[in-house]
1. Report yes if some residue within the stretch D:7-25 is exposed (fewer than 14 other Cβ atoms within 10 Å of the Cβ), more than 21 Å from D:Leu101 (Cα to Cα), of a type outside the set (D, E, K, R) and within 11 Å of chain C (Cβ to nearest Cβ); otherwise report no.
2. Please specify each residue of the stretch C:42-55 satisfying the condition of being more than 8 Å from chain D (Cβ to nearest Cβ) and over 14 Å from D:Ile27 (Cα atoms).
3. Just give me the residues in the stretch A:79-94 being in contact (Cβ under 8 Å) with a residue 60 or more places away in the chain and touching a Ser or Thr at 6+ places or on another chain (Cβ under 9 Å), in sequence order.
4. Out of the stretch B:27-56, which residues are within 12 Å of the chain's Cα centre (by Cα), over 24 Å from A:Gly54 (Cα atoms) and not in a strand (DSSP E or B)?
5. Does the stretch D:86-93 contain any residue that is modelled with pLDDT of 95 or more and open to solvent by 10 Å² or more (accessible area, probe 1.4 Å)?
6. Looking at this structure, is B:Ser132 more than 13 Å from chain A (Cβ to nearest Cβ), in contact (Cβ under 8 Å) with a residue 40 or more places away in the chain and among the small types (Gly, Ala, Ser)?
7. In the set B:Ala58, B:Ala110, B:Ala63, which member is touching a Phe, Trp or Tyr at 6+ places or on another chain (Cβ under 9 Å), at the interface with chain A (Cβ under 8 Å from one of its Cβ atoms) and open to solvent by 10 Å² or more (accessible area, probe 1.4 Å)?
8. From the residues in the stretch C:141-156 that are assigned to a strand (DSSP E or B) and open to solvent by 20 Å² or more (accessible area, probe 1.4 Å), which one is modelled with the highest pLDDT?
Number of protein chains: 4
Amino acid sequence: MVFEPLDANYLQKVRSSFHRQKFMEFIGAKLAEVRPGYCEIHLPYKKELSQQHGFFHAGVIGALADNSGGYAAFTLMPPHSSILTVEYKMNIIAPGDGELLIARAHVIKAGSTLTICRPEVFVVKDGCEKMSAAALMTLIALPGRPDRPRQHLRSNEHD
Amino acid sequence: MVFEPLDANYLQKVRSSFHRQKFMEFIGAKLAEVRPGYCEIHLPYKKELSQQHGFFHAGVIGALADNSGGYAAFTLMPPHSSILTVEYKMNIIAPGDGELLIARAHVIKAGSTLTICRPEVFVVKDGCEKMSAAALMTLIALPGRPDRPRQHLRSNEHD
Amino acid sequence: MVFEPLDANYLQKVRSSFHRQKFMEFIGAKLAEVRPGYCEIHLPYKKELSQQHGFFHAGVIGALADNSGGYAAFTLMPPHSSILTVEYKMNIIAPGDGELLIARAHVIKAGSTLTICRPEVFVVKDGCEKMSAAALMTLIALPGRPDRPRQHLRSNEHD
Amino acid sequence: MVFEPLDANYLQKVRSSFHRQKFMEFIGAKLAEVRPGYCEIHLPYKKELSQQHGFFHAGVIGALADNSGGYAAFTLMPPHSSILTVEYKMNIIAPGDGELLIARAHVIKAGSTLTICRPEVFVVKDGCEKMSAAALMTLIALPGRPDRPRQHLRSNEHD
């Protein structure tokens, strides 16, 4: 599907929001590619991200799926809007056994209120890529609520 | 529901597995309560866990939901079994705005192969607790595959 | 949870909408109980509702789960609003082997735009009730769009 | 993805199972196309399948999604196996407003125990096709349990 962004500034908006997410920095995730209706995030392995068998923790896989879906949807929002995860469902298809996770999310329906995405997470091991998780996700636009840091949000909430 | 554990040693098994999850240590999560068919995990706020508005990142909320469900299910496994997440679906009900996350998961169906759980995540702000996420989750038992670290798993995989 | 209906007329509204659903009549479903934030639907077995093993078809179980959730949410809508299913996820926990299905749905979060429900479907066999399915569901309110039959909706759509 | 069926007889098996589902006959659904890892089901509109606005009922859309996923998975089962729905999640993307529903499901992961599918349901109106629902679904194989009618299953259950 080809999407027309409603905000010419979408790329800068996504980058700026991503970089305000301390959790992405903490785990070491990088925004790899952003296009209208699409977002790709990369995350190199480190042992701090592992579950009991030493693989990427399913929670990390889920966080990447969620975030790639969120930013894929955010590319299509009008100016001065933010977006929230309503829900997602994710199937773990193969263990996160490898040196890199790649999350790729495509918008499949962009509505004025709700947006539906399909995030997928791949694990790369010895250069070979394999699907690790498939998800289906719903997001909601908050028109007139720019994506700003906490103190701003809080003061907004008293409006 | 009241569940009878198949392994008298279930508590020690859950604790030992949880403590081998480097990701739980990295984010600062603590195993708070474990009973047959139930698991509760606590996670104090730190800014490294935040999304762009400064709240707990949805990925962190999802990781906690997933992990509480996994260990709730693990309490009911026979000896020498491990358990894997098949899938989960999670609704974010309120933003993770607070000083502590509490994930609580109840098993609603324990089968010999598949186990179904309901994890819920609460956020505590100024001492007041609120539901932040509700999930529904499927896990699969791997009989005869003890929950061991990576090197063991790998050698097992050549059997 | 105790919910206050926003429309004193909620019961009549739910009944009237249910009775306009030809599919419910076709399969033989009955509205059994309606309270603010809750709906219960009953469906006696007939062979036309069966899958290949003669049990209630999973599609029938899903239809009942979906409908009970939709009407549980509808009880809490303001006057002149309708409600649509955004999505649901359902685990089949036991085969639909019995003489009666009972779907019960509770609202767990009522928002002005989104409502989250937990539908459950039970199967009754020889008088004994067993959980057959557990679901988690999201609905969206359409304010100012009364729940009316097709011809009205269509003309509305040109507004 | 290209899948090799494990049972050369897969097509006949799917057809025979589909035709034993009285519910498919009752609603008027037809098996339109079956290939390894793929299934397509068609359902013409009739007013008995409608919700309160006269569109296809979401429960009907869900039943078709579920069934197309089930048979897509069944094409890849070995002889003498049957398959059960573990769970599915479905987003309603557009109302079922049209003269025909088409459900198409692709297997995205075929495992010896679990199979993951992506069913999609399209609605055709005045010859124009539109996505009405997207789903993500998990199924479990029951090896050594042929897909037979009720009386056989029952006697099997005492094994």
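1. Within the stretch D:7-25 (the criterion being exposed (fewer than 14 other Cβ atoms within 10 Å of the Cβ), more than 21 Å from D:Leu101 (Cα to Cα), of a type outside the set (D, E, K, R) and within 11 Å of chain C (Cβ to nearest Cβ)), the answer is yes, since at least one residue qualifies.
2. Listed by number, the residues that qualify are C:His42, C:Leu43, C:Pro44, C:Tyr45.
3. A:Ser82, A:Ile83 - these are the residues of the stretch A:79-94 that are in contact (Cβ under 8 Å) with a residue 60 or more places away in the chain and touching a Ser or Thr at 6+ places or on another chain (Cβ under 9 Å).
4. Once the filter is applied, which keeps residues that are within 12 Å of the chain's Cα centre (by Cα), over 24 Å from A:Gly54 (Cα atoms) and not in a strand (DSSP E or B), the stretch B:27-56 yields only B:Gly37.
5. For the stretch D:86-93, residues modelled with pLDDT of 95 or more and open to solvent by 10 Å² or more (accessible area, probe 1.4 Å): present.
6. Numbers: more than 13 Å from chain A (Cβ to nearest Cβ): no; in contact (Cβ under 8 Å) with a residue 40 or more places away in the chain: yes; among the small types (Gly, Ala, Ser): yes.
So B:Ser132 does not fit the description; no.
7. B:Ala58
8. Step one: of the stretch C:141-156, the residues assigned to a strand (DSSP E or B) are C:141-143.
Then keep just the ones that are open to solvent by 20 Å² or more (accessible area, probe 1.4 Å); that gives C:142-143.
Values: C:Leu142: 89, C:Pro143: 83.
Here the answer is C:Leu142.
The values are calculated or read from the model by the stated rules, or taken from the named source; none is laboratory data. Treat the numbers as computed from the prediction; the structure is a model and nothing was measured. Every residue, glycine as well, gets a Cβ built from its backbone with ideal geometry; the counts of neighbours run over all protein chains shown. Ligands, DNA and RNA are excluded from the accessible area calculation, which covers all protein heavy atoms including side chains. Shrake-Rupley method; radii C 1.70, N 1.55, O 1.52, S 1.80 Å.
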